[in-house]
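See structure below.
The values are calculated or read from the model by the stated rules, or taken from the named source; none is laboratory data. Fair warning: this is a prediction, and the values are worked out from it, not measured in the lab. As a convention, Cβ positions derive from the backbone with ideal geometry for all residues, glycine included, and neighbour counts pool all protein chains shown. For accessibility, only protein heavy atoms count, side chains too; no ligands or nucleic acids. Shrake-Rupley method; radii C 1.70, N 1.55, O 1.52, S 1.80 Å.
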Amino acid sequence: QLQASGGGLVQAGDSLRLSCATSGLTSGIYVMGWFRQAPGKERRFVAAISPIGDSTYFADSVKGRFAISRDNAKNTVYLQMNTLKPEDTAVYYCAADLYRGTVYYTGGNYDYWGQGTQVTVSS
């Protein structure tokens, strides 16, 4: 139901845009989040966006460099990643959480997950 794409191998300082296409989810009622997991590390929150896109949330490590947006008409969520650093290297996952009044930063609260897309940033 969630299909992430757009990952790749880039150099430090470059940009990438990830996309997450959703299907089978009612539009406009899910918080969409991006998480990442580097080798040997736990999955960590990156960014989230409210169901209608009026609020966004970011991890401190990406604030000012990443942007999250959504197009509910296209059932797609985007993660624009700028000024990439080697420490951004990870598998990036999109996730959906049925909005119940709180936007969560923990993956355990999300109901649906995409398959992940690899982002590798070389120095």
Simple spin-label estimate for Ala21 and Thr106 in nanometres, 7 Å along Cα-Cβ: 3.4
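So with the 1.4 Å probe, I'd like the accessible area per residue for segment 42-123, rounded to whole Å².
Values: 4170 Å² over 82 residues.
Each residue of segment 42-123 exposes 51 Å² on average to a 1.4 Å probe.
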- prompt: In whole Å, how far is the Cα centre of segment 1-37 from that of segment 51-123?
  reply: 6
message: Sorting check: for 51-58, 91-98, 15-22, which peptide has the highest mean count of neighbouring beta carbons within 10 Å, and how do the rest follow?
response: 91-98, 15-22, 51-58
field: Binned Cα-Cα distances of the chain, short to long, each 10 Å bin given as a whole percent
entry: 15, 50, 30, 5, 0
Pairwise FRET efficiency - Ser123 versus Ala73, Cβ, R0 = 30 Å, nearest 0.05: 0.20
task: For segment 1-61, just the Cα atoms, rotate onto the principal axes and tell me the three extents in Å, largest first.
output: 36, 24, 23
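Of all accessible surface on segment 35-82 at a 1.4 Å probe, what whole percent is carbon and sulfur?
Numbers: 1120 of 2590 Å².
Carbon and sulfur: 43 percent of the exposed surface of segment 35-82.
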task: Could you work out how far apart the two model spin labels at Asp54 and Thr83 are, taking each label as a point 7 Å from the Cα in the direction of the beta carbon, and quote it in nm?
output: 3.0
query: Which net charge results for the neighbourhood of Gly8, defined as the other residues with beta-carbon distances under 13 angstrom from its beta-carbon, given Lys and Arg at +1 and Asp and Glu at -1?
result: -1
